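Asks: One structure, as structure tokens, below. Some questions next.
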């Protein structure tokens, strides 16, 4: 089956330990996910969910793989928009690679749907979230507090 995939890579001046902590600590996640709460115990098979700032369920899923300081794989489904929920589950993979005083974070988000509107949408959101993550780890502050209402430029998206 055809797949839609978004890939984003960034280099962050931090350690794998601090990056892993930022990827798996609810309080830190809420800071760089612009007020969204992400909840899980991060063990393989555990539930994972995202709750919007107004308390609504945004995404739900399951931890598929959790290798501290190296790799995190989550199966998720958007619960907030019916057209995205209808596309079914997507997977996103966070891979951490130490590089001297920095770390490479590679995120791959994919779904078994050709030309997925959901993957097109996350291709706008991931760069904002990861920019906040990078700023938080390097400076202690996030770059964006609120998610802009309209973001253009779906760089990295392949709808095939």
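The values are calculated or read from the model by the stated rules, or taken from the named source; none is laboratory data. From a predicted model like this one, the values you see are computed outputs, not experimental measurements. Cβ sites come from the backbone with ideal geometry, for glycine too, and all protein chains shown count toward neighbours.
Asks: Within segment 8-48, track down each residue that is assigned to a strand (DSSP E or B) and free of Cβ contacts under 8 Å to residues at least 24 places away in the same chain.
Replies: Correct list: 37, 38, 39, 47.
Asks: Which residues, taken from segment 81-101, are in a strand (DSSP E or B) and either under 20 Å from residue 39 (Cα atoms) or over 16 Å from the mean Cα position of the chain (by Cα) (or both)?
Replies: Across segment 81-101, the qualifying residues are 90, 91, 92, 93, 94, 95, 97, 98, 99.
Asks: Which is out of contact with any helix residue (DSSP H, G or I) (no Cβ under 7 Å at 6 or more places or on another chain) and either farther than 12 Å from residue 42 by Cβ or at pLDDT 95 or above (or both), of 92, 84?
Replies: 92
One line per residue, one yes/no per condition, for (1) modelled with pLDDT under 95; (2) on the phi < 0 side of the Ramachandran plot; (3) outside any helix (DSSP H, G or I); (4) under 12 Å from the mean Cα position of the chain (by Cα):
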| position | (1), (2), (3), (4) |
| --- | --- |
| 103 | no, yes, yes, no |
| 110 | no, yes, yes, yes |
| 114 | yes, yes, yes, no |
| 134 | no, yes, no, no |
| 137 | no, yes, no, no |
| 142 | yes, yes, yes, no |
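Asks: Can you tell me which residues in segment 77-101 are under 22 Å from residue 144 (Cβ atoms) and surrounded by fewer than 17 Cβ atoms within 10 Å (Cβ to Cβ)?
Replies: Scanning segment 77-101 gives 80, 81.
Asks: Is segment 95-103 home to any residue that is within 23 Å of residue 31 (Cβ to Cβ) and free of Cβ contacts under 8 Å to residues at least 40 places away in the same chain?
Replies: yes
Asks: For residues that are part of a loop (DSSP other than H, G, I, E, B) and either touching a helix residue (DSSP H, G or I) at 6+ places or on another chain (Cβ under 8 Å) or at pLDDT 95 or above (or both), tally how many sit in segment 57-80.
Replies: 4
Asks: Among (1) within 16 Å of residue 129 (Cα to Cα); (2) crowded, with 17+ Cβ neighbours inside 10 Å, there is one condition residue 7 misses while meeting the rest; what is its number?
Replies: The single condition residue 7 does not satisfy is (2).
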